[in-house]
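Every number here is computed from the coordinates shown, using simple stated rules; none is lab data. As the structure is a computational prediction, the values presented were derived from the model and not from experiment. Here the Cβ positions follow ideal geometry from the backbone for every residue, glycine too, while neighbour counts run over all protein chains shown.
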Amino acid sequence: MIKLIIDTDPGIDDAMAIFYAAAAPDIELLGLTTIFGNVTTPIATRNALRLLEAADLSLPVAHGAEVPLAMPPFSPSAQVHGSEGFGDIPAEIPKGRPVAEEAADFLIRMAREHKGELVLCPIGPLTNIALAIQRDPDFVTNVKRIVIMGGSFEEGGNITPHAEANIYHDPHAADVVFAAGSKVVMVGLDVTHRILCTQEDFSAIAGQSPELGGMLQKMSEFYLAFYATVGKFDGCSLHDPAAVIACTNPELFEMRKTPIRVACEGEEIGATLADTTGSRQAVSVCMGVDSDAVKSLFLKRLALLP
Ligand code: BDR
Ligand code: CA
């Protein structure tokens, strides 16, 4: 059983990852922190609260940074996740409120209180994690692992030819996190582009889990339609669920140890590159995956939901 906090910009595959974590018997979900990316941070906070209420989970949600560390703010990518984050599902106001503490401070406190046990799974831009690292010199030693959905080592980008979206949206923050070294696991496009779900898979999920699986099926229609426009995938990528699964089942991934730096300017901005300066510790970069096993775990666990 792992203690987990997900830092998220919900987002359709974020919703899949959060419901997966809610269903997984080997995950104790301690809360969510929110970030801009697929949507603005206020919408991310609203959506995070809404997902927890849908899953009948009473957990803290901490509102995160609203702008990147050094880059100007940008408009969310509505063509991938819809203007409200959940495809064609309309906005709905949750009953709950975020905690008073901001996300970075919440993460710092939780890492202290669960020293050596807390696994962080950021599935959006890395601003909150970078702020926590900058504010607390003990943060990196206090956490057990930071398993990131983001980056691409050999696969090329998905938002530019060089960059994956989560890293691109705050490259400076990502560089701070990759500098943290050996506790970091990168679950990037090298593996997530190999884990695909089809319309039939989501129909099967909805058949077994009419409420929450049904919600995912409805959202996935928009996500699948976007993937169809890209033209090179048979289905949609399980980016964010893959990172959550890597937290509990690292044996399903082949990892390469290499130090990483992030390009923070120029044409390659947002690219995750091998650092050759000798000044950084190696992180674990996922380069191979047992896609069938990850996908079947995803389908099996979601079937447990109402
Ligand atoms: C990542 O970007 C977002 O669109 C997804 O939610 C995922 O976290 C994939 O590049
Ligand atoms: Ca995400």
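Computed quantities for the displayed model
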item	result
Chymotrypsin sites (Phe, Trp or Tyr not before Pro) within segment 136-239, DSSP loop, no more than 15 other Cβ atoms inside 10 Å	PHE233
DSSP loop trypsin sites (Lys or Arg not before Pro) with at most 11 other Cβ within 10 Å excluded, longest remaining stretch of the chain	96-231
Beta bridges by DSSP in segment 2-302, antiparallel share as percent, to the nearest 5	35
Tally of Lys pairs whose C-alpha atoms are under 24 Å apart, taken over segment 141-300, 8 or more apart or cross-chain	7
Overall form of segment 87-233 per C-alpha gyration tensor (a/c, 1.5; a/b vs b/c)	oblate
Backbone HN-Hα couplings from phi across segment 237-254 [Karplus 6.51/-1.76/1.60, Hz, Gly and Pro as x]	6, 8, 4, 6, x, 4, 5, 5, 5, 5, 5, 9, 10, x, 5, 7, 10, 9
Options GLY270, HIS162, LEU131, ranked by Cα towards positive dipole end of the chain, top entry (Cβ charges)	LEU131
Compactness of segment 111-159 - radius of gyration and Dmax, Cα, Å	12.7, 39
Computed magnitude of the charge dipole of the chain (debye, nearest 20; Cβ of K, R +1, Cβ of D, E -1)	600
In Å, descending, principal axis extents of the Cα set of segment 257-306	48, 23, 17
For q = 0.09, 0.12 Å⁻¹, Debye-computed log10 I/I(0) when each Cα of segment 172-306 counts as one equal scatterer	-0.33, -0.57
For the chain, alpha-carbon Rg relative to the globular expectation (2.2 N^0.38 Å, N residues)	0.90
Whether segment 22-130 is rounded, prolate or oblate, judged on the alpha carbon gyration tensor where a/c under 1.5 counts as rounded	oblate
